Amino acid sequence: MSGKDTVRASLKAALPIMLGYVAIGIPCGILSDSIGLSWLQCLLMSMLFYSGAGQFMIPNMWLAGSPIASIIASVSLVNTRQMLYSTSLAPRCNNVKRGLAFFFAATVTDESFGVNTMRFESGPWTVQNATLVNVFSQSSWAISTVVGALIGSAIGIPLAIASFAMTSIFICLLVTQKISKENIAAAIAAMVGVYICKLAGLSGAAILIGAIIGIAAAMACSKIGKRA
Amino acid sequence: MQAIEWGDFWIILAVCAVTILACRTLPLMLLKGRELPEKVSQVLGYIPPATFAALVANDLLTPGMFSAGIWPAAAPLVAALIVVVVAKFTKSLLWCAIAGVAAYALLTLVLV
């Protein structure tokens, strides 16, 4: 692939994420503005931290009067699921220079992990492509949060509806997975696991724990399959 | 509510940025380039379906969601089913996002 083609293919892959990030980034900036964060602070958050869930949690918890230590602990806990993405993407970076691998890993989100995993599986897709998807996605997120902070509450976007764009992307990623009995076991167990975590009041770690339960179920399933 | 000050902002940003950076980069940098046992590679392959399902469930399921009646809670589930159909036919993230938002908006704004 020539340089220009690489950029074009990556932009095409990133487009659904970029549009989704506009839809939720603007409300995120509006919410940030409501606790007194400036556009510059939104930009710093989006560049250095870059977490949709985290950037919604911080203003929400601040509004609820949570102490700083508990804001930090809750936000960090929610983001531990990134370890799974990082682990999953490691073999893709085997022949990639350390600098690029680090930059790629540092800019992964739920959505860009999903899109890049899909592309790596259907191939040909390189870490350069994947990193560009991350950069395009992060740019869209950063610009949208800044715009949100600048316009303040001038426009009202119903957040539940806007954030359904992300839910829809996750559903698409899930149902386009290869259908095998291990994958089905993983998906069902992960969903049940998330629900049980929420019932038990562990919503912060629900995604991570649910996913680990799903992985365990898939392994158990493949072991049983071998024995039969 | 007290507006957030730069001092508090820096503490929250610095700690959250460092913890997420560690979660994002450490596993990849430590595992990259290593010969992984077959068992481990197999586990890596289960990460995508398990995490996507967990993300979907996290968005759609809340304990007590039906306590205020079936309909408001069923709206996202019905919209999700529509997205499943669109995903099966188009395999396109963009069409899924558009169809999902449109279906959810119609179901919550128009039909309730």
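The values are calculated or read from the model by the stated rules, or taken from the named source; none is laboratory data. Keep in mind it's a predicted model, so treat the numbers as computed, not measured. Cβ coordinates were reconstructed from backbone atoms using ideal geometry, including for glycine residues, and neighbour counts include every protein chain displayed.
Worth pointing out:
- If you filter region A:86-109 down to residues that are more than 7 Å from every other protein chain (Cβ to nearest Cβ) and among the hydroxyl-bearing types (Ser, Thr, Tyr), you find that the one that is surrounded by the most Cβ atoms within 10 Å (Cβ to Cβ) is A:Thr109.
- Residue tally, condition within 9 Å of chain B (Cβ to nearest Cβ) and crowded, with 20+ Cβ neighbours inside 10 Å, over region A:33-54: 7
- Residue among A:Ala130, A:Ala105 that is modelled with pLDDT of 95 or more, more than 18 Å from A:Lys12 (Cα to Cα) and small (Gly, Ala, Ser): A:Ala105
- Condition check for A:Ser112: buried (at least 19 other Cβ atoms within 10 Å of the Cβ), small (Gly, Ala, Ser), more than 9 Å from every other protein chain (Cβ to nearest Cβ) and part of a helix (DSSP H, G or I): yes
- Within region A:136-228, helices (runs of 4 or more DSSP H) holding 1 or more residues that are at pLDDT below 95, in the same structural domain as A:Asn116 (by TED's automatic domain parsing) and under 13 Å from B:Phe52 (Cβ atoms): A:159-175
- When B:Lys88, B:Lys39, B:Lys32 are screened for being among the basic types (Lys, Arg) and buried (at least 16 other Cβ atoms within 10 Å of the Cβ), only B:Lys32 passes.
- Some residue of region A:85-92 being assigned to a helix (DSSP H, G or I), charged (D, E, K, R) and more than 19 Å from B:Met29 (Cα to Cα): no
- Members of region A:24-45 that are assigned to a helix (DSSP H, G or I), among the hydrophobic types (A, V, I, L, M, F, W, C) and touching a Phe, Trp or Tyr at 6+ places or on another chain (Cβ under 9 Å): A:Ile24, A:Cys28, A:Leu31, A:Leu44, A:Met45
- Some residue of region B:22-38 being at pLDDT 90 or above, small (Gly, Ala, Ser) and part of a helix (DSSP H, G or I): yes
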